[in-house]
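All remarks here apply to the structure that follows.
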Amino acid sequence: MVGHKILEDEALDILFREARTYRAWQKRDVTEVLIKAVYDLAKLGPTAANCSPARFVFIQSAEAKARLQPHLDKGNVDKTMAAPLTAIIAYDTQFYELMPELYPQAPKARDWYAGKPATIEDTAFRSSSLQGAYLMLAARALGLDCGPMSGFNKEGINKEFFADGRYQVNFLCNIGYGDNTGMPVRGPRLSFDQACQVL
């Protein structure tokens, strides 16, 4: 049991305060060992009934980037092609088939989703969004920088990378070692009073 420890300011800076959405990248490779280490942290984050619907495709080779490029909005092409790695965060529309393995304490957990398209979509999209955020935090914790983005042709990416239709893209995230040259000032954020209520 870890207990109720609090992260030091340096860790909070890495994960949140000094972390940015990077648009430029150093020419440094991200190794497969590091990619696996990032996933091994990210997979531990909670999802609905541990359903873990996210599926990650890490685009790294020139061939894979060439497949991805036509489906990016114009403003995302250069930064994505320059990134050492781009993660396609997708979700499995048949995630419930693994529920006996992932949630054995409820033998009928598969039946909560099977044959219920709206529940499948809602659960898969929400939990895969969480898993994408866990992936970003894990990457930052292991010394990498991230550039999450929308701005792509969903149908094009699904057809190119998930032709059988089982997986569906959620969002993309460039990953690598960020180049902060010319980095703009961080955009403003809402205050607690603007965004929150305590009832």
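The values are calculated or read from the model by the stated rules, or taken from the named source; none is laboratory data. Predicted model, so just to flag it, every value in this text is computed and none were measured. Please note: Cβ atoms are built from the backbone with ideal geometry, for glycine as well, and neighbour counts cover all protein chains shown.
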*Among Tyr96, Tyr91, which is the only one that is assigned to a strand (DSSP E or B) and either at pLDDT below 95 or among the aromatic types (Phe, Trp, Tyr) (or both)?*
Tyr91
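Listed here are the residues, each with its yes/no results for (1) outside any helix (DSSP H, G or I); (2) over 20 Å from Gln26 (Cα atoms).
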{"site": "Leu137", "(1), (2)": "no, no"}
{"site": "Arg140", "(1), (2)": "no, no"}
{"site": "Cys146", "(1), (2)": "yes, no"}
{"site": "Gly156", "(1), (2)": "no, yes"}
{"site": "Ala163", "(1), (2)": "yes, yes"}
*Could you please give the count of residues in segment 165-199 that are of a type in the set (A, V, I, L, M), part of a strand (DSSP E or B) and over 23 Å from Thr93 (Cβ atoms)?*
1
*Go over the candidates Tyr167, Tyr177 one by one and state the one that is touching a Lys or Arg at 6+ places or on another chain (Cβ under 9 Å), among the hydroxyl-bearing types (Ser, Thr, Tyr) and surrounded by 19 or more Cβ atoms within 10 Å (Cβ to Cβ).*
Tyr167
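Results for (1) assigned to a loop (DSSP other than H, G, I, E, B); (2) within 30 Å of Pro107 (Cβ to Cβ), shown as yes or no for each residue.
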position: Ala37; (1), (2): no, no
position: Asp40; (1), (2): no, yes
position: Pro46; (1), (2): yes, yes
position: Phe58; (1), (2): no, no
position: Lys65; (1), (2): no, no
position: Pro70; (1), (2): no, no
position: Gly75; (1), (2): no, no
position: Lys79; (1), (2): no, no
*Answer with yes or no whether Gln131 is at pLDDT 95 or above and loosely packed, with under 13 Cβ neighbours inside 10 Å.*
no
*asked:* polar (S, T, N, Q) and in contact (Cβ under 8 Å) with a residue 40 or more places away in the chain: which single residue out of Thr119, Thr93 fits that description?
replied: Thr93
*Considering only segment 34-64, how many residues are basic (Lys, Arg) and surrounded by fewer than 16 Cβ atoms within 10 Å (Cβ to Cβ)?*
2
*asked:* Cβ-Cβ distance below 6 Å, separation of 6 or more or different chains: which pairs start in segment 64-75 with a residue that is in contact (Cβ under 8 Å) with a residue 24 or more places away in the chain and of a type outside the set (Val, Ile, Thr) and end on one that is buried (at least 17 other Cβ atoms within 10 Å of the Cβ) and assigned to a helix (DSSP H, G or I)?
replied: His71/Ile157; Leu72/Thr80
*Considering only segment 18-27, how many residues are surrounded by 12 or more Cβ atoms within 10 Å (Cβ to Cβ) and among the basic types (Lys, Arg)?*
2
*Out of the residues in segment 170-194 that are β-branched (Val, Ile, Thr) and at pLDDT below 95, which is nearest to Ser127 (Cα to Cα)?*
Val185
